[in-house]
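Chemist: If you scroll down you'll find the structure; I have some questions about it.
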Amino acid sequence: MESVRVTDNAALHEPWRLAGARMGFWLRLGLVVAAIFGSVFLAPGAAQGKPFSLVALALPLGILGLMALAKWPAAGLPLIVVASLLVPLSIGTGRQTGLNVTLLLVVFFIGLWIFDMVAARRELRLIESPTFRPLIWLMAVSVLALGFGQLDWLPAQRAPITAQLGGLALFLLSPGAFLLAAHRFQDLRSLQWAVWLFIGLGSIFVIGVSLPALRPIALQVYQRAAIDAMFWTWIVALAFGQAVVNRRLRLRWRILSGLVVAAAFYFAIMLRGSWTSGWLPALVAVLTIVGLRRPKWLLIGGAVVGAMLLIPGVASGIFLGGDNQYSLSTRFEAWRILLEIIKLNPILGVGPANYYGYTPLYDILGYWVNFNSHNNYIDIAAQTGLAGLSCFVWFAWAMARELWRFLSVVPEGFPRAYVYGAAGGLAGMLVAGMLGDWFIPFVYNVGLEGFRASSLAWLFLGSVVALQQMYPAPSVSPDGEAKSR
């Protein structure tokens, strides 16, 4: 008698459960985006005395969106990506800069995270990561520096307290965004959507600004984040990482990702007059990914680039083209002067934003004017002293070491490609810091509006720690057997 094979009902229903999970993800993400953005775009009209129906619609949508975010905080990362690039919302402060939507969202999510720990879990506890300690110390040092900034270090007017608080906010929210991503955005699907939204929306902008007919439209639709160095660094790093590392990605998407990288370099070098902050950090990101993936290719590529730079006129055209030569000479002089200001309080600096008010006391190429360093490292040292700078260097070393260790653990596909991209993004970010205040904006230069782009760098790096929680490294038991932590 022929045996009858019993079919597992769970196996039969598994495809339907997977389809339902995908649909649930789409519904949740759509609900959050529609509610938040709907309230954002309706609120200005309501505030200007438009029909009561707008008020009645904007308020419930906003409440609904906040409730959805509280229930599903992982939606925050893709939401912040879209808002940073496209949403023009900004609350005026009476100064030259406003509180933009990215800053407000990061503050909201940090507050939601802290509330959840205190009210629901009744404990303030962080997951374990070597990257956290230097960031916490940087935040503490920044608060101390604000106190020292109330002293009169030179006979000149300090920055207004609002500017000082704005500078402190950038020192607190930048590490805060990293910690937020590490703890609250531990959902692989949300990270994937955030990355592909960033690459997709970014590629539209890159193509748009590269075509004269579309350039005015692209610059009108997209926000300040799309013209800052962190945008160009990270879109190249993440797109290149997926193109060369993610073998599970379909070939056409890998090719398109590579074309995005090529278009970004074309714009930064050819169309924007060899914009160093645009192409150099991105190039470092690419070389870092290549070096980690194929060290021999890095040697070959380095030899080719070196040979090209030896051609007469090539190096000077790239590095000193346009106004780069004048910019470089003025920056060296500004750095020399700022080193004198740093000497006033080398340990904790002269306080957030304050050095800007002291610069007119010094002669810079015959002028007595306010100026900034255009260098993140000198900015950090001037505002928070060598203590703050040491904390950041400590963080960069810890982050690089964690990325290196994680590469041998993270699985193939999107996660591994993401970690490679993050390694490239970190390297490019560190180089960009030599060219401007790109990763911790200075209030009187890139300003609070620069947080739209800089926060994405911190969020993407913090997401590496979140990935580490999803794919923990195996530990070795006393009997020699490998186990997951």
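Chemist: Among W232, W196, W153, which is the only one that is more than 16 Å from G462 (Cβ to Cβ), of a type in the set (F, W, Y) and either touching a Pro at 6+ places or on another chain (Cβ under 7 Å) or touching a residue at least 60 places away in the same chain (Cβ under 8 Å) (or both)?
Modeler: Only one candidate qualifies: W153.
Chemist: Continuing with this model, one more query. Just the residues that are of a type in the set (K, R) and farther than 15 Å from L467 by Cβ, please, taken from the range 136-193.
Modeler: If the condition is that a residue be of a type in the set (K, R) and farther than 15 Å from L467 by Cβ, then R158 is the only one that fits.
Chemist: Of (1) within 30 Å of G278 (Cα to Cα); (2) open to solvent by 10 Å² or more (accessible area, probe 1.4 Å), L191 satisfies all except one. Which?
Modeler: (2)
Chemist: Out of P216, P175, P212, which single residue is closer than 29 Å to S90 by Cα, part of a helix (DSSP H, G or I) and over 21 Å from the mean Cα position of the chain (by Cα)?
Modeler: None of the others qualify; the one that does is P216.
Chemist: Next question. I318 fails exactly one of the following numbered conditions: (1) among the hydrophobic types (A, V, I, L, M, F, W, C); (2) at pLDDT 85 or above; (3) over 13 Å from G149 (Cα atoms); (4) touching a Ser or Thr at 6+ places or on another chain (Cβ under 7 Å). What is the number of that condition?
Modeler: Only one criterion in (1) among the hydrophobic types (A, V, I, L, M, F, W, C); (2) at pLDDT 85 or above; (3) over 13 Å from G149 (Cα atoms); (4) touching a Ser or Thr at 6+ places or on another chain (Cβ under 7 Å) is unmet by I318, namely (2).
Chemist: Kindly check whether there is at least one residue in the range 144-161 that is in contact with a helix residue (DSSP H, G or I) (Cβ under 6 Å, 6 or more places away or on another chain), assigned to a loop (DSSP other than H, G, I, E, B), at pLDDT below 95 and among the basic types (K, R).
Modeler: yes
Chemist: Quick check, is A140 surrounded by fewer than 24 Cβ atoms within 10 Å (Cβ to Cβ), hydrophobic (A, V, I, L, M, F, W, C) and at pLDDT 95 or above?
Modeler: yes
Chemist: What number of residues within the range 437-463 satisfy the criterion of being part of a loop (DSSP other than H, G, I, E, B), open to solvent by 10 Å² or more (accessible area, probe 1.4 Å) and not β-branched (V, I, T)?
Modeler: Counting residues in the range 437-463 that are part of a loop (DSSP other than H, G, I, E, B), open to solvent by 10 Å² or more (accessible area, probe 1.4 Å) and not β-branched (V, I, T) gives 3.
Chemist: Hey, does the range 86-97 have a residue that's within 30 Å of W397 (Cβ to Cβ), within 22 Å of the chain's Cα centre (by Cα), in a helix (DSSP H, G or I) and modelled with pLDDT of 90 or more?
Modeler: Checked against the condition, which is being within 30 Å of W397 (Cβ to Cβ), within 22 Å of the chain's Cα centre (by Cα), in a helix (DSSP H, G or I) and modelled with pLDDT of 90 or more, the range 86-97 yields no hits at all.
Chemist: Is one or more of the residues making up the range 199-211 over 24 Å from I440 (Cβ atoms), open to solvent by 80 Å² or more (accessible area, probe 1.4 Å) and among the β-branched types (V, I, T)?
Modeler: Yes.
Chemist: Now, a different point. Name the single residue that is surrounded by the fewest Cβ atoms within 10 Å (Cβ to Cβ) among those in the range 347-384 being touching a Pro at 6+ places or on another chain (Cβ under 6 Å) and either among the small types (G, A, S) or closer than 16 Å to A163 by Cβ (or both).
Modeler: Checked the range 347-384; the qualifying residue surrounded by the fewest Cβ atoms within 10 Å (Cβ to Cβ) is N370.
Chemist: Restrict the check to the range 278-293 and report whether at least one residue is modelled with pLDDT under 90, part of a loop (DSSP other than H, G, I, E, B) and either touching a Pro at 6+ places or on another chain (Cβ under 7 Å) or of a type outside the set (A, V, I, L, M, F, W, C) (or both).
Modeler: No, the conditions are met nowhere in the range 278-293.
Chemist: Of everything in the range 404-436 that's closer than 21 Å to L103 by Cα and not in a helix (DSSP H, G or I), which residue is modelled with the lowest pLDDT?
Modeler: Only one residue fits best here, namely G436.
Chemist: Here's something else I'd like to know. When the residues of the range 350-371 are filtered to those that are of a type in the set (S, T, N, Q) and in a loop (DSSP other than H, G, I, E, B), which remaining residue is farthest from V443 (Cα to Cα)?
Modeler: N370
The values are calculated or read from the model by the stated rules, or taken from the named source; none is laboratory data. No experiment lies behind these values; they were computed from the predicted model shown. Cβ coordinates were reconstructed from backbone atoms using ideal geometry, including for glycine residues, and neighbour counts include every protein chain displayed. Surface accessibility is based on the protein's heavy atoms, side chains included, excluding ligands, DNA and RNA. Shrake-Rupley method; radii C 1.70, N 1.55, O 1.52, S 1.80 Å.
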